[in-house]
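To keep things clear, I will list the structure first and then write my remarks on it.
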Amino acid sequence: LGQKVHVYGEVDSTQTIAHALVASGASEGTLVLAEAQTAGRGRMGRAWHSPAGKGIWMSLVLTPKVPVYFMPQLTLLSAVALCRAIQKVCRVDIGIKWPNDLLIKGKKVSGILLESSGEDERLKYVIAGIGISVNLKVEDYPEELRSVATSLAIESGTDIKRETLVQAFLLEFEELYALYLQEGFSPIRLLWEALSVTLKRPIRTHTPMGVIEGIADSLDDTGALTVIKGDGERIKVYSGDIELR
Ligand code: BTN
C-alpha cells in the first residue's frame, strides 16, 4: 500500500480525487495526500476542518474481494490501524469511539470516512478517507470546535512529523488488512475491543426508531454495536453516531 502516492497542495477533497483516479485506472494502495482541503468531507454529510499544512488529509484506494455488507468491518479495521500507528508515533492516551472516531481525553483527534462503490453485492472499490489533526494549535480551530476537537500536538505538547505518521499508518494498515483478508474479522474485532473507549460505558444514540440509551456491550461479527437498554433489551446499532454519557 502507498506505492503510488499523489501529493497535492489545495484540493476540494482527497476523496473526490481518489474516486477520479480509480475511474482512470488507479489500483489498490494508491494514496492521495493534500496539504489543505477546501471541502473536506466528514461522516453523515458533515464538513471536515482541514487547514493547510497542519494535518494529514489522505485517501487510500482499496479493492478487497468482499461483499458490500463487510464495509463496517473495514471501517473498524481502519480505526484500529490508525490508533495503533498514533500510539507508536506519539505519547498520547488514545482510544476508539464507535465506530471509528479517535479520542484523546474525550476530544476528537481523527476521523475516518469510507466511501465505496459496489456491484451485485460485491465491493468494486473502497476509498478510505483519513483525517488526522496533527499539528493544529488551539487557535487553528474555529471557536465551536474547541471543546470537542483536539490535535496530537496539543495533547502531546510537541509537533509531530507527518511523514512518520503516514508511514506508520500504512504499515499497520497493511498488516491488519492482510490478517483480515486471511482470517476474517474476528482478530480485528478483538483488537478494536481492546482499544475501545465505548464498551461497557453508558451511551445515547439517535436512530430512526428514536433515541436509545443504554450500555454499549460488545461488537458483533458485522461490526454493529450491541447496546443493552435499562430494561435489559439488547439493540443493535449499525450506523450513525453515539454520545458517551
Ligand atoms: C469524520 O469523522 O466525520 C470523518 C472525517 C474524514 C476526513 C478525511 S480528511 C481526508 C479525506 N477527505 C475528505 O474529504 N474526508 C476524509
Exercise. Since K200 meets every condition but one in (1) among the charged types (D, E, K, R); (2) more than 22 Å from L74 (Cα to Cα); (3) not in a loop (DSSP other than H, G, I, E, B), which condition does it not meet?
Worked result: (3)
Exercise. Which number in (1) modelled with pLDDT under 95; (2) on the phi > 0 side of the Ramachandran plot; (3) under 18 Å from the mean Cα position of the chain (by Cα) marks the one condition that R46 misses?
Worked result: (2)
For this session: Tell me, please, whether a residue that is more than 12 Å from the ligand (Cβ to nearest atom), farther than 27 Å from F185 by Cβ and surrounded by 15 or more Cβ atoms within 10 Å (Cβ to Cβ) can be found in segment 65-73.
Result: no
Seminar exercise, completed: Pairs returned, first residue in segment 149-165 that is among the aliphatic types (A, V, I, L, M), second residue that is assigned to a helix (DSSP H, G or I), beta-carbon separation under 6 angstrom, 6 or more apart or interchain, are I160/L152; L165/V89
Seminar exercise, completed: Within segment 34-61, residues touching a helix residue (DSSP H, G or I) at 6+ places or on another chain (Cβ under 7 Å) and of a type outside the set (V, I, T) come out as A34, Q37, R41, H49, P51, K54, W57, M58, S59
Seminar exercise, completed: Residue hits (segment 37-64; free of Cβ contacts under 8 Å to residues at least 60 places away in the same chain, surrounded by fewer than 21 Cβ atoms within 10 Å (Cβ to Cβ) and within 6 Å of the ligand (Cβ to nearest atom)) are R46
For this session: Evaluate the following for Y238: is it crowded, with 16+ Cβ neighbours inside 10 Å and farther than 18 Å from L103 by Cβ?
Result: no
Exercise. Any idea which of S110, S147 is within 16 Å of the chain's Cα centre (by Cα) and among the hydroxyl-bearing types (S, T, Y)?
Worked result: S110
Exercise. Checking I17 against (1) part of a strand (DSSP E or B); (2) buried (at least 17 other Cβ atoms within 10 Å of the Cβ); (3) out of contact with any helix residue (DSSP H, G or I) (no Cβ under 9 Å at 6 or more places or on another chain), which single condition isn't satisfied?
Worked result: (1)
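The values are calculated or read from the model by the stated rules, or taken from the named source; none is laboratory data. From a predicted model like this one, the values you see are computed outputs, not experimental measurements. No Cβ is skipped: glycine too gets one built from the backbone with ideal geometry, and neighbour counts run over all protein chains shown.
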